[in-house]
Structures are given as structure tokens and as C-alpha cells.
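Every number in this text was worked out from the coordinates using simple rules, so none of it is lab data. Values in this document were obtained by computation on a predicted structure and should not be read as measured data. Note: ideal-geometry Cβ built from the backbone for every residue, glycine included; neighbour counts use all protein chains shown.
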Amino acid sequence: MSIPSMGLAARAILLIPVAGILIAPASHAQMGGSQARPMQSSTDMQQTEMHELTDVQRQPGVTVDAKEQKAYDAFYHASSQEPDKKISLGTVFLEKYPKSIFAEAVEAGLTNAYFTKEDWKDFYAAADKALAIKPDDVDVLASVGWVIPHFYNPHADNADEQLNKAEACEKHAIEVMATMPKPASLTDAQFAAAKAQKASQAHSALGLVYFRREDYANSVTELQQAMQNNANPDQTDLFVLGMDLQNLDKFADATEVFGRCGQIAGNLQDRCKQNADMAKKQIAQPK
């Protein structure tokens, strides 16, 4: 039996701190002053339920009590659209069966439910518990590493530590996927598609981590990799990639990226168009 899906809803907010991030003065004006501003993420990888890349591991000779199996099945099949119900079922399950072979799968499912509720404290707590049981859970690793840079507070005492955690999670997820066996619950095509989607998510997250650190060159590399063979790239990724290119004085490339971003309906559309116009003007400026 496979673990519950770790797909995330498309409601992540990217808080862009202006001071110290954007080099071009015009970009500072475009961002609307010195206050951090919310930005909606439209990433498709967070909109759809994803195939699981890990299976519940059953040890030879280990049997599961019928009541335990029934309780897990109830949690597993609870709709992701009812996070309170899912959380209640999962919490009760873990209280009754803390040593269950399903414990990690339940913690992973709770991570997703807490994301839906935007309960970040419990999201991270459930994820940490899941990873303590199964450090190679790609679904949880990729999700945590993606959430951190999107909901990042640069003024938090542990801001640097959080970015380091996100980077470590995504790099480990990529390492695990390189050698992991195909779960029995997936076809070859499903497995390949799931790995490609998770890899894209991981590179997207790394791109944002490096952007937060003002490491624009590495951010460009990761975001471009995230968008490879993707006919519908994430608007947030395009916006940040455009800002990376602006900061690297690659204004022609930035113009093209912001142009693509501005063609996507969303709360970043107007800002992408503004930055595209700005980058065009920067091309004409004397070096």
C-alpha cells in the first residue's frame, strides 16, 4: 500500500524583501517601496495530487491488526479537501498506534493536511516526524524544501538556518531519486512522470533559495532546470528568473523572461509587464 499523496495546494506566498535583493534602482521602484510584498505562486506542481514515490515498508512476517488497518484506510481515503477530518483521523491513529508501520505515512499525510490549512508550525512538526522515521521520503523532502523559500521571513532569527534546511532537503531528494527503485504501486510511466515532477519542484525550490541568498547565477541555473521541457512554467519561477537576470545585467534575457511571465494570468502579471518595460529601457542605457 502506498502512502498518502503529498501534493500541495497552489496558495504559497512568496515574500520578496526589497532591501538588499534587487540591484537595479528601477527594480526597487517596481517592487513598490521598501516593504515586503506578497506574491501568489501558481505552480502547477502544487495544484495536482502527485503519485507517491515511497511505499509503506512491510517487514517479512509482520501482520497488521484488522482495526489498525481499518483506521489507516480511513485516514488514507479521507479527502484532502477536508483537512480537519484528515488531521483528526491521523492524530487519533498515531495516539492508538504510535509504532505502526503506517506511522510515517500518516505523518506525511498530516504534513499535507497542515499545508492546506496553512498551519506552518504543525506542518514542519509533522514533516520532521515523518523524516525522523524515513529520512529518504522524497515527497516530504521536496515539499518542505519548496515551502520554506516561498514562506520565507528574512527577519526571522533562524532565517539562514531555514534556507540551509530547504537546500539540504531538495538536494537529498534529488540524490534519492537518482537511485531509488520503482514502487510496486506505480507503472514505469507513472514513476518517470512522478520523478520528473518532483525534480522540477526541487530545482524550483533551490532557485528560490539561491535568490534569497542573492546568489543570482546559481538561481538562474536551478530555475532554468526546473522549467526544462515545461510548456507551462510557473509564473513565480519566471518572475524570479527575470529578477535574477536583471541583477546579472542580462537585460535582454530578462526582457524575454518577463515577457513570458506577463502573458500568464495571475497576480504577478502586471509586475512582470512592468519589469519587462524596465528591462527594455535598461538595455538602451550606456554601460
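For residue 158 and residue 214, what is the calculated FRET efficiency with R₀ set at 22 Å and r taken between the beta-carbons, to the nearest 0.05? Don't skip to the answer; put the middle values down first.
Values: r = 19 Å, r/R0 = 0.84.
That pair, residue 158 with residue 214, gives E of 0.75.
May I ask you to list the lysines whose Cα is less than 26 Å away from that of residue 165, ignoring any residue fewer than eight positions away on the same chain?
The reachable lysines, counting only those whose Cα sits under 26 Å from residue 165, are 117, 121, 129, 134, 195, 198.
Given the options 197, 127, 142, identify the residue whose Cα lies farthest towards the positive end of the charge dipole of the stretch 109-240 (+1 on Cβ of Lys, Arg; -1 on Cβ of Asp, Glu).
197
Which distance in nm do the two modelled labels at residue 285 and residue 265 give, with both placed 7 Å along the Cα-to-Cβ direction?
Those two pseudo-labels are separated by 3.5 nm.
For the pair residue 84 and residue 273, what calculated FRET efficiency results from E = 1/(1 + (r/R0)^6), where r is the Cβ-Cβ distance and R0 = 35 Å, to the nearest 0.05?
On the way: r = 40 Å, r/R0 = 1.13.
My answer for the efficiency is 0.30.
Given 4 °C and 1.567 mPa s, compute D for the stretch 55-134 with the Stokes-Einstein relation, Rh being the Kirkwood radius over Cα pairs; round to the nearest whole µm²/s. Provide the component values of the computation, followed by the final result.
Numbers: Rh = 12.7 Å.
Answer, rounded: 102 µm²/s.
Mean shadow of the stretch 77-187, computed from the convex hull of its alpha carbons, in nm²?
Values: hull surface 31.6 nm².
Value for the stretch 77-187: 7.9 nm².
Check the straight Cα-Cα distances from residue 280 and name the lysines below 27 Å, setting aside those fewer than 8 residues away within the same chain.
250
If the only charges are +1 at each Lys and Arg Cβ and -1 at each Asp and Glu Cβ, what is the size of the charge dipole of the stretch 55-134 around the Cα centre, to the nearest 20 debye?
Working: 11 positive and 13 negative charges, 39 e Å.
Its charge dipole is roughly 180 debye.
Among the aspartates and glutamates, select those whose C-alpha is under 12 Å from the C-alpha of residue 273, and discard any that sit fewer than 8 residues away in the same chain.
The qualifying aspartates and glutamates are 256.
Rounded to two decimals, what ratio of Rg to Rh does the stretch 139-287 give with C-alpha atoms and a Kirkwood Rh? List each step's numbers first, then the result.
On the way: Rg = 16.8 Å, Rh = 16.3 Å.
Using Cα coordinates only, the ratio equals 1.03.
Using a Förster distance of 41 angstrom, determine the FRET efficiency expected from the C-beta separation of residue 232 and residue 180, and round it to 0.05. Kindly include the intermediate steps, with their values, before the conclusion.
Working: r = 27 Å, r/R0 = 0.65.
In this case the efficiency is close to 0.95.
Points 7 angstrom from Cα along the Cβ direction at residue 248 and residue 193: gap in nanometres?
3.2
Report, in whole Å, the centroid distance computed from the Cα atoms of the stretch 85-110 and the stretch 194-261.
For the stretch 85-110 versus the stretch 194-261, the Cα centre distance is 36 Å.
Listed highest first by mean packing, meaning other Cβ atoms within 10 Å per residue, what order do 172-183, 258-269 come in?
Working: 172-183: 15.2, 258-269: 18.1.
Packing order, densest peptide first, comes out as 258-269, 172-183.
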